[in-house]
Amino acid sequence: NPDKKLIFLLNSLKKEIKKFKSEIILVNDIGDETNNKILNKVKKIHKNLRVINLKKNYGQHYATLLGISVSKGEFLATLDEDYQHDPKYLNKMQKYLVAKKLDVVFVRFKDKKHNFSKRNFSRVNQFLLKKVFKLDPDIETSSYRLMSKTFAQKLIRDSFIEPNLSCMILNNTLKIGNIDGVHE
């Protein structure tokens, strides 16, 4: 049930970020009425939630960049709404980013729960990113990431017709790191 997963995610986020002055931005890139109704219902429950409804699906990377562009926080985390990215890693990511003076920290998942074709696509994608950007073999990108606001502002100044956040990040910095996490 999508609204139960979303409410569970928002409650988990709220618990993890309560120590910080924070905001939660949901970018709805599906654009259908069912999703809009779910998000409006959830918005009534969570007061520090900002919902941006796109009229059509422009893609995950575009939607994420839009959320980044309107955010106000010192640190920005990107995670999927279906709870495959557990918010419990956010504080650890922020501490690691600050301690190591990084621009971005990605959660590295050893055992992804996706189907066979999506796991293989991810492996090929990681292989190509490592080759093109000459990454350390132990570094992996993912859509669960935390970055500084200063670095995020560099990203939104880039212009791409078909944005890919991992490529945009790696094109702007190699001050990246990983923490290990469990894929839900």
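Any read-out appearing in this document is the output of simple, stated calculations on the displayed coordinates, not a laboratory observation. Fair warning: this is a prediction, and the values are worked out from it, not measured in the lab. In this analysis, Cβ positions are derived from the backbone assuming ideal geometry, glycine residues included, and neighbour counts consider all displayed protein chains.
Below is a table of values for the structure above.
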{"read-out": "Only Lys, Arg (+1) and Asp, Glu (-1) charged, at Cβ; the chain dipole about Cα centre in debye", "value": "520 debye"}
{"read-out": "Nearest-ten-degree value, helix 2-17 long axis tilted from longest Cα axis of the chain", "value": "70 degrees"}
{"read-out": "Ellipticity estimate at 222 nm from DSSP helix runs (n ≥ 4, -39,500 (n - 2.57)) divided over the chain, nearest 500", "value": "-14500 deg cm²/dmol"}
{"read-out": "Residue pairs, from the table 95/154; 4/149; 44/72, whose Cα atoms sit over 26 Å apart", "value": "4/149"}
{"read-out": "Between helix 60-70 and the chain: long-axis angle, C-alpha atoms, 0 to 90°, nearest 10", "value": "70 degrees"}
{"read-out": "Listed residue pairs exceeding 26 Å between alpha carbons, taken from 47/100; 110/134; 37/110; 47/118", "value": "47/100; 37/110; 47/118"}
{"read-out": "Mean Cα-pair separation over length for the chain, i.e. relative contact order, pairs under 8 Å, 6 or more apart, %", "value": "28 percent"}
{"read-out": "Placed amide H near residue 50: partners under 5 Å, 5+ positions off or other chain", "value": "24, 25, 26"}
{"read-out": "Given the chain, longest segment not containing exposed loop trypsin sites (Lys or Arg not before Pro) (DSSP; at most 15 other Cβ within 10 Å)", "value": "135-174"}
{"read-out": "Unit charges at the beta carbon, dipole of the chain: most positive-side option, 147, 64, 124", "value": "147"}
{"read-out": "Rounded to 10°, Cα long-axis angle of helix 116-133 versus longest principal axis of the chain", "value": "50 degrees"}
{"read-out": "Projected-area average for the chain over all orientations - Cα convex hull basis, square nanometres", "value": "10.5 nm²"}
{"read-out": "Within the chain, percent of DSSP bridges classed antiparallel, to nearest 5", "value": "40 percent"}
